[in-house]
Amino acid sequence: LYARQASWAPLADPGEALKAIAASVHADVTEWVDCYNNERIAPLVEADHDRMRSAGVHGTPSFFIGDKGLPGDPGLPALRAIIDSVLAHRGG
């Protein structure tokens, strides 16, 4: 999706372009169409979106470590330090 985002993101209705991507990765297109048309995962996407916004994250890439949202790419050394800190705090 990210690799092809420039081709589908600006479309008013990206359904056909997304369907083509699903087919290109050998997804069950019938199942995909049913899911897309009935918005079965919309509540999950909306919950993730709300969590992201409440954590102050407004774009990609973004990371969540524990309950902390990290916008952008802080780099591997910073990610390791944060993960180590969370694990130490949790006793793990």
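Per-structure values
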| item | result |
| --- | --- |
| Whole-Hz ³J(HN,Hα) from phi, Karplus 6.51 cos²θ - 1.76 cosθ + 1.60, for region 18-30, glycine and proline x | 5, 4, 5, 5, 4, 5, 5, 9, 6, 6, 6, 5, 4 |
| Computed accessible area, LEU79, all protein chains, 1.4 angstrom probe, square angstrom | 30 Å² |
| Hydrodynamic radius (Kirkwood) for the chain, which is based on Cα pairs only, to one decimal in Å | 15.9 Å |
| Net charge, VAL29 excluded, C-beta distance under 13 Å - Lys, Arg +1, Asp, Glu -1 | -3 |
| For region 33-42, Karplus couplings with θ = phi - 60° (6.51, -1.76, 1.60), whole Hz, Gly/Pro x | 4, 4, 5, 5, 5, 9, 6, 4, 9, 3 |
| Gain on full stretching of the segment that runs from VAL86 to ARG53 - 0.36 nm per residue minus C-alpha separation | 9.8 nm |
| Pairwise label distance in nanometres, TYR2 with ALA27, each label 7 Å out on the Cα-Cβ vector | 1.7 nm |
| Candidate residues SER54, SER62, SER7: accessible-area rank, largest first, probe 1.4 Å | SER54, SER7, SER62 |
| Calculated FRET value between ALA12 and GLU39, using beta carbons and R₀ = 22 Å, to 0.05 | 0.80 |
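The values are calculated or read from the model by the stated rules, or taken from the named source; none is laboratory data. Just so it is clear, the model here is predicted, and its values are computed rather than measured. A quick note on method: Cβ atoms are made from the backbone with ideal geometry, for glycine too, and the neighbour counts reach across all protein chains shown. The protein model used for the area step is the full one, side chains on, heavy atoms only, and it has no ligands, DNA or RNA in it. Shrake-Rupley method; radii C 1.70, N 1.55, O 1.52, S 1.80 Å.
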